[in-house]
């Protein structure tokens, strides 16, 4: 996987690279990414149209943050469309509350 990323690096504009080997793709694609526990970084794509109070064409900063923090805590993507860890959401919508699948995943990881 890293080999394919390295091969693509030469094709990615410099302003989309941010030093972790996984460059962003500009507006409208990958919004952010995070690294699992022990690393714990998460990064936003600066090319997105971020907002705290979105219109139909803006991305809700907090919604993406909650999802990425889930990755930092060790959660993977969910197949449950109600989960914050579902891999996509509609631009302009706010999604900040954990779904039952998110809660179950945290229970499984941390046993509380």
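Packing-based ranking of 78-86, 63-71, 103-111 yields 63-71, 78-86, 103-111, ordered from highest to lowest mean Cβ neighbour count within 10 Å. Put a dot 7 Å past the Cα of residue 56, heading toward its Cβ, do the same for residue 38, and the two dots end up 4.6 nm apart.
Can you tell me the length gained on complete extension of the stretch residue 103 to residue 30, counting 0.36 nm per residue apart and subtracting the Cα distance?
Values: separation 73, 0.36 × 73 = 26.28 nm, distance 2.45 nm.
Separation in residues times 0.36 nm, less the Cα-Cα distance, equals 23.8 nm.
Modelled spin-label separation between residue 49 and residue 77, with each label point placed 7 Å from Cα along the Cα-to-Cβ direction: 2.4 nm.
Working ranking of peptides 34-40, 95-101 by packing, defined as the average number of other Cβ atoms within 10 Å per residue, highest first, is 95-101, 34-40.
We did not get these values from a lab; they are worked out from the coordinates using the rules stated. Predicted model, so just to flag it, every value in this text is computed and none were measured. Methodologically, a virtual Cβ is constructed for each residue, glycine included, from the backbone with ideal geometry; neighbour enumeration extends over all protein chains shown.
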